[in-house]
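Below is one structure; the comments refer to it alone.
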Amino acid sequence: MDNSYIIAIDFGTAYSGYAFSLTKREAEIEPRLKYWGQQVSLRTPKTPTCILFDEHEKFLSFGYEAQSAYFKTRGDEARKKFFFECFKMSLYGKKLNSDVTIEAANGRSMKALKVFTEALRHLKEDALKFISENAGGKQFIASDFTWVVTVPAIWDPSAKQFMREAATQAGIVTPGKEDRLVIALEPEAASVWCKKLPADGFEREKNSEVTFEQASGTQYIVVDCGGGTIDITVHEVLEGGALKELHKASGNDFGGQTVDKKFKEFLREIFSDSLWDEYEKEDPGELQKMMYDISVLKENDDDVDISCPYNLGEIAKEKQKMEKFFESVRGVSWNRGSIKISKEKVRSFFAESLNGITKSLREILKKDFRVEYILLVGGYARSLILRQHISNQFSGQCKVLCPSHPQEAIMKGAVLFGRNPALVASRISAFTYGVSLSLKFEASNHRADKKYTNKEGEWCDGIFCVLVRENEEVGWDKTSEYSCTPIERDQTAITFAFYRTERKIQDLMYVDEWGVENIGSIILESPVTARGMNREIKLQIKFGATEMTVTAIDVDSGSTVKTELDFMAKSKRSFRNNVAEVNS
């Protein structure tokens, strides 16, 4: 890794922030944070992932400032503005391209790439300003740093590439300096940080004296409990302290927002669909303020008192007396201007989320691992109901721990990871990856419709040639090399088309079968044709890093093309294969 300083941006679903280090020696890195919220009398390690644009899509503000400004707007003014919150979830489970749009609170849409770019641009500029102000007046620019941007491990590769593109457009890195941007996987970053914590760096549940032992061979699960996703990884500590992944990244979308959604559905049940629709339309800013208050209240295992917002009360009182709304609804009462929800009812809002997390953990613990610990990190891990549930469910099998500051674990760990990506020595491939090639046609083995002819003879098109298998362990810096040849003696360009699948390989032969997805292609110039079909083409691929990179080399001419696969193409072109005999 180069010798630059580090800034890590933890771009969370509900909250975002950054950590940094101006120490270039890895052993001495102690990540520092900016604390947010002074303008609203708070001091938090992250700021709400909210962004506000005017009616012309011009950026206005981010975080607490955006939230405060939008909370104050009403009616027509609110409907003109583009306010986005928790918008990171718009990337979950989707194949993305640069034209994808997301919907703002006013129901209108903007290009997602612009929203993410402006959010990252703000965080970049804020970080450079804050660090300069706290470094004795020394001025910094983006190129002074290696930047780390965190993403969920369970995201589709197109979403990771989307974040890289947004960071590039935000000026975090410039063309030719792409290696100064590191994509870190959130549960991995948290794992790296938890491994560094002293024994007293964890919460003590019910007077527990459990400590996190980190001897070689220790196996543990990290559950990143975010606002949007639950992101789970399984690690083993290696000799020397590095980590290896034991199970491919898993998880679901049952994060803290699932609970917020249940709160909102319950409020709609109390006040009726028609009244609630009117309130959402007339006072979106006030509604957002109430939902933010609820997101904070849900951290405790107790009755919840929500101060009824003024405009909601006014709309409700036009229909009937306030007490009437609460007469037929269980688990809630009206108490002198407050909506009081019982502890039991609040717990019911967590049920779907907790069941989803429990199911994912049980599936892992059924495997043949020796898991000793479950570490809970992320903002949602501050919820006492969540922590108690996981302890109750799994304390007989594992020791359940939560860092004292679970919201900080990812960004602090990302700083360490940015300095030394070898801290995660190997990963488990989430898919089987392959390249399409042609073989000499054999009527007894090949589909008739795959046959084509060139001047060299008859070929079978679109054979799926395995490069790495699902669940195979791949070293973080290991380059796998493959050798192949052209299929025509005077061929001057070689196309490699890459695919992935979760199907069992013994049941698969062609790239156009069900469950096989084209993930990108590269074209290599091969201008020196003197050796005809005996020319060697080398394919070098790194599968084990957080992003997959491919290098193709024409040995005779020295022609080289290196690229990260384009997972964001709007449509995948169909290529006739012009490469044969891939050998590792």
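The values are calculated or read from the model by the stated rules, or taken from the named source; none is laboratory data. Please read all numbers here as calculations on a predicted model, not as lab measurements. Here Cβ is always computed from backbone atoms with ideal geometry, including for glycine, and neighbour counts include all displayed protein chains. Heavy atoms of the whole protein, side chains included, go into the accessibility calculation; ligands, DNA and RNA do not. Shrake-Rupley method; radii C 1.70, N 1.55, O 1.52, S 1.80 Å.
Given the pairs Lys261/Lys412; Lys248/Lys504; Lys80/Lys124, which are separated by over 19 angstrom at their Cα positions?
Where the Cα-Cα span goes over 19 Å, the pairs concerned are Lys261/Lys412; Lys80/Lys124.
Can you tell me the accessible area per residue over region 296-385, all protein chains present, probe 1.4 angstrom, in square angstrom?
I get 54 Å² per residue for region 296-385.
If you take every DSSP beta bridge fully contained in the chain, what fraction is antiparallel? Give it as a percent rounded to 5.
Taking every DSSP beta bridge with both residues in the chain, the antiparallel ones total about 80 percent.
Ordering Leu267, Leu384 by how much accessible area each has at a 1.4 Å probe, largest first, what is the list?
Leu384, Leu267
For Cα extents along the principal axes in Å, pick the label among (1) 89, 56, 53; (2) 84, 77, 56; (3) 106, 51, 46 that corresponds to the value derived from the coordinates.
It is the value labelled (1).
May I ask for the net charge around Asp224, where only other residues with Cβ less than 10 Å from the Cβ of Asp224 are counted and Lys, Arg are +1 while Asp, Glu are -1?
With Lys, Arg at +1 and Asp, Glu at -1, the net is -3.
So how do Arg370, Arg362, Arg164 rank on accessible area, 1.4 Å probe, biggest first, that is with the largest at the start?
Arg370, Arg362, Arg164
Report, in debye and to the nearest 20, how large the dipole of region 267-389 comes out about its Cα centre when Lys and Arg carry +1 and Asp and Glu carry -1 on their Cβ.
That gives region 267-389 a dipole magnitude of about 600 debye.
Suppose each label sits 7 Å from its Cα in the direction of the beta carbon; what would the Ser216-Met509 distance come out to in nanometres?
4.7 nm
What is the Cα centroid distance between region 155-206 and region 73-90, reported in whole angstrom?
Measuring centre to centre over Cα atoms gives 27 Å.
With a 1.4 Å probe and all protein chains in place, put Thr485, Thr117 in order of accessible area, largest first.
Descending order: Thr485, Thr117.
Given the whole protein assembly as supplied and a 1.4 Å probe, what does the accessible area of Asp512 come to in Å², nearest 10?
Accessible surface of Asp512 is approximately 90 Å².
Suppose every Lys and Arg Cβ carries +1 and every Asp and Glu Cβ carries -1, with no other charges. What dipole size does the chain come out with about its Cα centre, to the nearest 20 debye?
Value, rounded to 20: 300 debye.
To the nearest 10 Å², what's Thr453's accessible area with a 1.4 Å probe?
100 Å²
Once R0 is set to 30 Å, what does the formula 1/(1 + (r/R0)^6) return for the Cβ-Cβ distance between Glu458 and Ser483, expressed as a FRET efficiency to the nearest 0.05?
That gives a FRET efficiency of 0.80.
What accessible surface, in Å², does a 1.4 Å probe find on Leu439, ignoring ligands, DNA and RNA and rounding to the nearest 10?
60 Å²
Can you send over the carbon and sulfur percentage of the accessible area for region 47-150, probe radius 1.4 Å, protein chains only?
Here it works out to 46 percent.
Please compute the per residue accessible area over region 484-566 with all protein chains in place, 1.4 Å probe, rounded to a whole number of Å².
About 44 Å² of surface per residue is accessible.
Residue farthest toward the positive end of the dipole of the chain, with Cβ of Lys/Arg at +1 and Asp/Glu at -1: which of Ser438, Ala448, Thr211?
Thr211
Taking all protein chains in place and a 1.4 Å probe, what share, in percent, of the accessible surface of region 291-418 do carbon and sulfur account for?
The computed percentage sits at 42.
With every protein chain kept in place and ligands, DNA and RNA left out, what is the accessible area per residue of region 118-258? Probe 1.4 Å, answer in Å².
Here the per-residue accessible area is 35 Å².
Using 32 Å as the Cα-Cα cut-off, could you pick out the over-long pairs in Lys111/Lys244; Lys196/Lys289; Lys34/Lys81?
The pairs that break the limit, which is 32 Å between Cα atoms, are Lys111/Lys244; Lys196/Lys289.
Which of Ile541, Asn471, Gly515 sits closest to the plus end of the dipole of region 453-571, meaning its Cα is farthest towards the positive end, when Lys and Arg get +1 and Asp and Glu get -1 on the C-beta?
About the Cα centre, the residue reaching furthest to the positive side is Ile541.
Among Ala425, Met291, Leu243, which residue has its Cα furthest toward the positive end of the charge dipole of the chain, with +1 on Lys/Arg Cβ and -1 on Asp/Glu Cβ?
Most positive-ward Cα: Met291.
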